[in-house]
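The values are calculated or read from the model by the stated rules, or taken from the named source; none is laboratory data. As the structure is a computational prediction, the values presented were derived from the model and not from experiment. When we count neighbours, we look across all protein chains shown, and the Cβ atoms used for this are built from the backbone with ideal geometry, even at glycine. Ligands, DNA and RNA are excluded from the accessible area calculation, which covers all protein heavy atoms including side chains. Shrake-Rupley method; radii C 1.70, N 1.55, O 1.52, S 1.80 Å.
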Amino acid sequence: MTTNSEKEDLRRYLQAARDVLVWKLDGLSEYDIRRPMTRTGTNLLGLVKHMIGVELGYFGPTFGRRVPDLPAWLRSEELNVDMWARADESRADIVGTYRRTWAFADATIEEHDLDAPGFVKHWPENRRDVTLHRILVHVVTEIHRHAGHADIVRELIDGAAGMKAGDDNLAPGDQAWWAEYNDRLETAAREADHA
């Protein structure tokens, strides 16, 4: 495997997760994309907003690149400001900012070799010196983790699941099969708890 194909593999996995994260918003109301679905406030639009900051940070300052038009909320001291959207922050603006972030991050990836050095100021001192390869692996892992969160949140909202429109990547089964399957899991869990 060549370095170029390794970089392309990482870019393909990165873009696949980006697409999934944005697709999870499709067909939902403003309320549903913003509402907190866990005790810690996890919500679909917040996951997209969070990844804007992640990609701008890791593919910008880490490699000495200034981020043009840094969103105001990224300069805020407010805790978790990147994990939710205010009512006046539109879906279109956040998704549009995320798509521009992709172009910015992709330019960094394109312009550097995998062994290009970078520096992550907020990481522990013994891990601050990085390469583009390490950052790509880190960001691909993080976005796939959040895409998994989005899978669960979306399923809780309206039952939709899957990787993309028309590909749920789930076992084939109708509503009755899934109900029976869930009953079997519940029974197994209760039996294990009493064993």
inquiry  = How tilted is helix 132-158 with respect to the longest principal axis of the chain? Cα atoms for both, answer in degrees (0 to 90, nearest 10).
reply    = 30
request  = Can you tell me the relative contact order of the chain? Whole percent, Cα pairs under 8 Å, sequence separation 6 or more.
outcome  = 26
key: Sparse-neighbourhood loop sites, GluC sites (Glu not before Pro) in the range 74-141 - DSSP loop, at most 11 other Cβ within 10 angstrom   = Glu77, Glu78
inquiry  = Using a 10 angstrom Cβ neighbour count of at most 15 plus a DSSP loop assignment to flag exposed trypsin sites (Lys or Arg not before Pro), which longest range of the chain is free of such sites?
reply    = 129-195
request  = Please state the charge dipole magnitude for the range 33-82, taken about the Cα centre, from unit charges on C-beta atoms (+1 on K and R, -1 on D and E), reported in debye and rounded to the nearest 20.
outcome  = 140
Cα pair distances in the range 82-142, grouped into 5 Å bins until the bin that holds the longest one, percent each = 4, 14, 18, 21, 16, 13, 9, 4, 0
key: Overall Cα dimensions of the chain - principal axes, largest extent first, Å   = 54, 46, 36
remark   = Per 10 angstrom bin, beginning at 0 and ending with the bin that holds the maximum distance, the Cα pairs of the range 1-113 fall in percents of 12, 43, 32, 12, 2
key: Inter-part distance where the range 165-187 and the range 1-75 are each reduced to a Cα centre, Å   = 29
ask   = Under unit Cβ charges (Lys, Arg +1; Asp, Glu -1), what dipole magnitude, rounded to 20 debye, does the chain have relative to its Cα centre?
value = 640
query = What are the semi-axes of the equivalent ellipsoid for the range 94-192, taken as the square roots of 5 times the Cα gyration tensor eigenvalues, largest first, in whole Å?
reply = 39, 19, 12
key: Cut-off 14 Å between beta-carbons: net charge of the residues surrounding Gly41, Lys and Arg +1, Asp and Glu -1   = +3
query = Probe 1.4 Å, all protein chains in place: accessible area of Asp93 in Å², nearest 10?
reply = 100
remark   = Sorted by chain and then number, the residues having a modelled amide H within less than 5 Å of the amide H of Thr131, at least 5 places away or on another chain, are Gly118
note = To the nearest 10 degrees, the tilt of helix 91-111 (Cα long axis) against the first principal axis of the alpha carbons of the chain is 50
note = In degrees, nearest 10, the alpha-carbon axis of helix 44-59 is tilted away from the dominant principal axis of the alpha carbons of the chain by 30
task = Just need the Rg to Rh number for the range 5-56, please, alpha carbons only, Kirkwood Rh.
result = 1.08
remark   = One computes Rg over Rh for the range 124-168 from alpha-carbon atoms, with the Kirkwood Rh, and obtains 1.23
